[in-house]
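All remarks here apply to the structure that follows.
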Amino acid sequence: MPSKPVLSDADKKAIRKKLGELCEECWIAQGYKKTSIKNLCDKAVISIGTFYTLYPTKEDLFLETITNIQRRLTEKIIDINRNSRTKEGFAQSMKRLFREYDSKPFLYNVNTPDFQSFVTKLPEETIKKIKFDSFDFFRQVIHAADLNLKMEEAQAYGILSALLSTINAKETLSITCDYFAVFDFMVDSLVADIFE
């Protein structure tokens, strides 16, 4: 009986990267529930057995994927502010964040049945890990931008959170206007009042 091929560390890393990319694409296109391990394996051209040598469960892949998306997004937004330490740079980073939310609804709309079916399969300590600490993120971005607030930090955070939450009204807004243009106008206007 022939022995199974052993995957090198480089092979495992490449397969994990490919599965993460496919998981992100499928999650955006069809959601968690409709994304099957078989479908991911077929697209990655690997066996289901290979999948299970890398991930004990489907949820482990999705958890790794959302963690990587959050890390990438955080790094990108902070990087924009480090490279453009102006109010305009901060506004640009908020516009980028809004567009990322638009392209990946599971980053902000965690109350959908699809997202809940993912989260309910996770242990409580894991759920705590994936909860995005947006207040800490806000502080990091402000620090990277090297901007001074005109108001209390909590109030500024509340204003920007409320602004970003307009993504939840995109279906309604898109009937009558370009919701990106609405967001861009609001962020440009508010940033001038939030920062010195």
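The values are calculated or read from the model by the stated rules, or taken from the named source; none is laboratory data. None of these values were measured; they are calculated from a predicted model. For neighbour counting, all protein chains shown are included, and Cβ atoms are generated from backbone atoms with ideal geometry for every residue, glycine included. Quick note on the areas: whole protein, heavy atoms, side chains included, nothing else; ligands and nucleic acids left out. Shrake-Rupley method; radii C 1.70, N 1.55, O 1.52, S 1.80 Å.
Here the helices (runs of 4 or more DSSP H) wholly within the stretch 1-76 that include at least 1 residues being touching a helix residue (DSSP H, G or I) at 6+ places or on another chain (Cβ under 6 Å) and of a type in the set (D, E, K, R) are 9-30, 37-44.
For the stretch 4-40, name all the residues that are within 23 Å of the chain's Cα centre (by Cα) and hydrophobic (A, V, I, L, M, F, W, C).
The answer is Ala14, Ile15, Leu19, Leu22, Cys23, Cys26, Trp27, Ile28, Ala29, Ile37, Leu40.
Looking across the stretch 51-74 at every residue that is open to solvent by 30 Å² or more (accessible area, probe 1.4 Å) and more than 15 Å from the chain's Cα centre (by Cα), the one that is nearest to Pro123 (Cα to Cα) is identified as Asp60. Of the candidates Asn111, Asn81, the single residue that is out of contact with any Cys (no Cβ under 7 Å at 6 or more places or on another chain), part of a helix (DSSP H, G or I) and either over 21 Å from Asn39 (Cβ atoms) or not hydrophobic (A, V, I, L, M, F, W, C) (or both) is Asn81. Taking residues in the stretch 65-85 that are over 19 Å from Lys131 (Cβ atoms), and partners anywhere that are open to solvent by less than 40 Å² (accessible area, probe 1.4 Å) and not in a helix (DSSP H, G or I), the pairs with Cβ atoms closer than 9 Å and at least 6 places apart or on different chains are Asn81/Leu147; Arg85/Leu147.
Here Ala10, Ala29 are screened, and the one residue that is at pLDDT below 95 and open to solvent by 80 Å² or more (accessible area, probe 1.4 Å) is Ala29. Being in a helix (DSSP H, G or I), within 15 Å of Val191 (Cα to Cα) and among the charged types (D, E, K, R) is the filter; apply it to the stretch 84-101 and report the residue that is most open to solvent (accessible area, probe 1.4 Å). Step by step, filter the stretch 84-101, then rank; the result is Glu88. For Lys104, state whether it is open to solvent by 70 Å² or more (accessible area, probe 1.4 Å) and under 18 Å from the mean Cα position of the chain (by Cα). For Lys104, the condition - open to solvent by 70 Å² or more (accessible area, probe 1.4 Å) and under 18 Å from the mean Cα position of the chain (by Cα) - is not met.
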